[in-house]
Amino acid sequence: MIAELGLALLWIAAALACLSLVAGALYLRGGQKDLAALVRPASVAQGVLTATAFGLLIALFVRSDMSVELVARNSNSLKPMIFKIAGTWGNHEGSMLLWLTILTLSGALIALFEKRLREDTLIATLSAQAALGLGFFAFLIFSSNPFNRLPVAPPDGQGLNPLLQDIGLAFHPPTLYVGYVGLSVAFSFAVGALITREIGPAFARAMRPWVLFSWIFLTIGITAGSYWAYYELGWGGWWFWDPVENVSLIPWLAGAALLHSVAVTATRNALRAWTVMLAVIGFSMSMVGTFIVRSGLLTSVHSFAVDPERGTFLLVLMAIYIGGALTLFALRAGSVAEGKKFALLSREGALVINNLLLTTILALVLLGTLYPIVAEAMGEKISVGPPYYNRVAGPLALILCLVMVAGPLLGWRKDDGKKLWSRLPLAIFAGAAVLFALILFGGKVGILPLLGMTVAGVVAVASLAPLWGRNLRRTPLPTWGMVVAHFGVAVCLAGMGAESAFIKERLVAAAPGDVIKVGDFAVKFVGVKPVAGPNFTSIEGTLVATTSGGQSFTMRPEARTFPGLMGTAPTETNEAALLTRPGGQLYAVLGQPVTSDDGIADRYQIRLWWKPLVWWIWLGGGLIALGATLSMLGRAQLLAIWRARRHRKSQERFAP
Amino acid sequence: MKAKHQRLVLALFAVAGIAGAGVLGASALRDEAAYFRTPVEIKGGKAVVGEPMRLGGMVASGSIARQSDGLTIRFVATDGKASVPVEYTGIVPDLFGEESGMVADGRMRADGTFVADRILAKHDERYMPPQMGDMPKNMKAPKA
């Protein structure tokens, strides 16, 4: 019953999306006002119905209802409850339903809470959101139905990829999806504003908190995903420029550009056409990413062996939405009134350079991601890896950081640079100190890490400069947000630079009792023992790491074996052991047993890394997300509304 | 400066940015993109010594030889038509084995051995390079 109800709810929600679209279109063409009155409740109902359908799918996974094809293929009654729930979105159909749930809930939130937009723009925005929803409802119902029943229910399910049995991974996709799909709101705002020609500061101010909201989730999702890859893959790296990583980075870059350009439009009523364009690009990049991952063009743990029919479906949807939005933009761009002018040396000027650099990096990452696909179509097999991305993105990102030093210290419209020149010396001094320290004591350091750490020093000091001489308690939240986020960029950059410049690596075949030196640590290999987990067996190594100061820590890297369920082959995974210290992390991986010439397996391969300041990378990511959150809270004016309400109440109380 | 001029300057900036990005991207792609090669292509003289590339093939049965340091392995990668010796120092992926597919990132040494920096196994649950999909599943590895 549950599965049938879920499917019925999806159909009703799709019908409501159709209704919103038609009613909104008729109203905008000069129709009745009561048509517009339909759109808001229909948008809320779509969100509620789709979320309920998603809840029902979770219930099916919780109950391990093996008569449902999706549950039988992806779950198992023996799995821990938390992974049964996470299994709901650990597959193609379920994750697409989650995607759609977020899309429709975003529409519902706009309908409920957006009060700053003009009525006709709001209706146009909701109609655009419904149009997006409609296509993806069709995709879900016709080609990826999650509620499909099996003619005969198997006794138990086929389980879930053991690698996906990880608490971090369970919550990584939903976070990223909120960010990805949240950008649809900016897209719909842009389409709505283009339709009604209401492009100006009011529209930008309304859009801003929504952009920040999805960008926060993208930031958290990417940071968490990077940490997951770091400890789970056992390769010791934190970013691989894998296509799947790139397609999450690309919308993040678009979002970063958008939230800076929307600031110009909101405050100074300039860069209007550009802001609208970026809003369209942001969600377009989310769709391109979904297409690349879901169509099976790339093969990795993220793409669950999809058939070409689905890829074609997504490609057509994408062509309609992106093509439609761009056509609308081309038709209306000419009539977008000219913005206010500004001097090059001004806040706007710095933000224009910021946008130019961010979009250039975006284009180059996109080029590297798509190039192998294009080359393969032309008969050459090519892989584009870290050397390409480091070479194109590294220098541009460093220039971007230098612009970030200047931007916040410049005034809007026109600036004589006085404030900039008065506050810059300390920042430059900090950078110079870092540079000299690295040259004197750092030994041989590559040029990119060297510049990275130097720029990080400059940015760290300069990012705090907007707070100098201010009453900290009276500094507005968005300013705090900017300072925290920019400081986070410096922390992240310092972590990346230090990790790549000073990483120490040891790979040995060690017998129990051997001591391995790595960085400041002496690591003693004590031995291995077999361990049984809830649904795997494992060989656990014991390492004792001793610092030069005499402190000892025990690390237990594992090599796990998951038995194959229902005839599938067993799977092995490595579980790295991490030791976090103030100065960085020690990372240990247990490899295979080594057989000596006499046939006795008395040694084990062990790989150790000392990674200085590596955790600063994720700390920086967290700070960026925190800064964006502060900024969003300030921009959404929730606090202001709350204070005003309290103020009014207290006034009423004392009224005669 | 009039607003219209400002627009023009911004547009010129954008065009210059796009052109710069195009040049940068194209030159970096030419220098840094690695070709995916099969053993038969390498034997055909398509591989330049020292140039980064990606090698795909099956591990020939009976060819994996562990070196006495316990860390280095040598094996033969084959595509049924030709074979290339491969050397790798490190921990091999869990699903790496004889008569199964693998992809290696690395470069050719002058003596005709492929020196791998990283090895990825086919059917690795974590990662499978797109090129692996093209290898026939039942491709038989001949005896080395």
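B:GLY70 meets each of the listed conditions (1) surrounded by fewer than 17 Cβ atoms within 10 Å (Cβ to Cβ); (2) facing chain A (nearest Cβ under 7 Å) apart from (1). Counting only residues that are of a type in the set (D, E, K, R) and part of a helix (DSSP H, G or I), the stretch A:22-75 holds 5 of them. For the stretch A:490-499, the condition of being in contact with a strand residue (DSSP E or B) (Cβ under 8 Å, 6 or more places away or on another chain), touching a residue at least 24 places away in the same chain (Cβ under 8 Å) and either under 20 Å from A:PRO612 (Cβ atoms) or away from chain B (no Cβ under 14 Å) (or both) holds for at least one residue. Residue check: is A:GLY599 surrounded by fewer than 16 Cβ atoms within 10 Å (Cβ to Cβ), outside any strand (DSSP E or B) and either in contact with a strand residue (DSSP E or B) (Cβ under 8 Å, 6 or more places away or on another chain) or hydrophobic (A, V, I, L, M, F, W, C) (or both)? No. Restricting attention to the stretch A:531-556, the residues that are more than 30 Å from A:ILE82 (Cα to Cα) and in contact (Cβ under 8 Å) with a residue 60 or more places away in the chain add up to 1. The residue list A:GLY349, A:GLY368 contains one member that is at pLDDT 85 or above and over 23 Å from the mean Cα position of the chain (by Cα), which is A:GLY349.
Here is a yes/no grid of residues against (1) over 18 Å from A:TRP274 (Cα atoms); (2) not hydrophobic (A, V, I, L, M, F, W, C):
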{"position": "A:ALA130", "(1), (2)": "yes, no"}
{"position": "A:PHE139", "(1), (2)": "yes, no"}
{"position": "A:LEU150", "(1), (2)": "yes, no"}
{"position": "A:ASP166", "(1), (2)": "yes, yes"}
{"position": "A:SER184", "(1), (2)": "no, yes"}
{"position": "A:ALA190", "(1), (2)": "no, no"}
{"position": "A:THR196", "(1), (2)": "no, yes"}
{"position": "A:GLY200", "(1), (2)": "no, yes"}
{"position": "A:VAL211", "(1), (2)": "no, no"}
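Looking across the stretch A:356-367, the residues that are crowded, with 20+ Cβ neighbours inside 10 Å and at the interface with another protein chain (Cβ under 7 Å from one of its Cβ atoms) come down to A:LEU356, A:THR360, A:LEU364, A:LEU367.
Restricted to the stretch A:335-355, and to residues there that are aliphatic (A, V, I, L, M) and facing another protein chain (nearest Cβ under 9 Å), the residue that is surrounded by the most Cβ atoms within 10 Å (Cβ to Cβ) is A:VAL352. For the stretch A:453-463, the set of residues classified as among the small types (Gly, Ala, Ser) and crowded, with 24+ Cβ neighbours inside 10 Å consists of A:ALA456, A:GLY457, A:ALA462, A:SER463, listed by residue number. Cβ separations smaller than 6 Å between residues 6+ apart or across chains give the following pairs from the stretch B:37-48 residues that are closer than 16 Å to B:ARG107 by Cβ and among the charged types (D, E, K, R) to residues that are buried (at least 20 other Cβ atoms within 10 Å of the Cβ) and modelled with pLDDT under 85: B:ARG37/B:ALA47. Is it the case that some residue within the stretch B:84-91 is under 16 Å from B:GLY112 (Cβ atoms), within 14 Å of chain A (Cβ to nearest Cβ) and either touching a Phe, Trp or Tyr at 6+ places or on another chain (Cβ under 9 Å) or at pLDDT below 85 (or both)? Yes; the residues of the stretch B:84-91 include at least one that is under 16 Å from B:GLY112 (Cβ atoms), within 14 Å of chain A (Cβ to nearest Cβ) and either touching a Phe, Trp or Tyr at 6+ places or on another chain (Cβ under 9 Å) or at pLDDT below 85 (or both). Select, from A:LEU97, A:LEU117, A:LEU122, A:LEU78, the only residue that is aliphatic (A, V, I, L, M), part of a loop (DSSP other than H, G, I, E, B), surrounded by 18 or more Cβ atoms within 10 Å (Cβ to Cβ) and out of contact with any strand residue (DSSP E or B) (no Cβ under 7 Å at 6 or more places or on another chain). After applying the criteria, what remains is A:LEU117.
Taken together, the residues in the stretch A:380-407 that are in contact with a Phe, Trp or Tyr (Cβ under 6 Å, 6 or more places away or on another chain) and part of a helix (DSSP H, G or I) amount to 2. Checked against (1) outside the structural domain of B:MET102 (by TED's automatic domain parsing); (2) closer than 17 Å to A:LYS381 by Cβ, B:GLY44 passes all but condition (1).
Determine whether A:GLN605 is within 14 Å of chain B (Cβ to nearest Cβ), assigned to a strand (DSSP E or B) and modelled with pLDDT of 85 or more.
Here the answer is yes, as A:GLN605 does meet what is asked.
On inspection, A:LEU579 fails the criterion of being touching a residue at least 24 places away in the same chain (Cβ under 8 Å), among the aliphatic types (A, V, I, L, M), surrounded by 19 or more Cβ atoms within 10 Å (Cβ to Cβ) and part of a strand (DSSP E or B).
Checked against (1) within 30 Å of A:LEU586 (Cβ to Cβ); (2) at pLDDT 90 or above; (3) small (Gly, Ala, Ser), A:ALA256 passes all but condition (1).
The number of residues in the stretch A:181-235 that are away from chain B (no Cβ under 14 Å) and outside any helix (DSSP H, G or I) comes to 4.
The test for being surrounded by fewer than 17 Cβ atoms within 10 Å (Cβ to Cβ), at pLDDT 85 or above and either touching a strand residue (DSSP E or B) at 6+ places or on another chain (Cβ under 7 Å) or not hydroxyl-bearing (Ser, Thr, Tyr) (or both) holds for A:GLY446.
The values are calculated or read from the model by the stated rules, or taken from the named source; none is laboratory data. Remember, predicted model here, so these are calculated numbers, not experimental data. Reconstructed Cβ throughout: ideal geometry from the backbone, glycine too, with neighbour counts over all protein chains shown.
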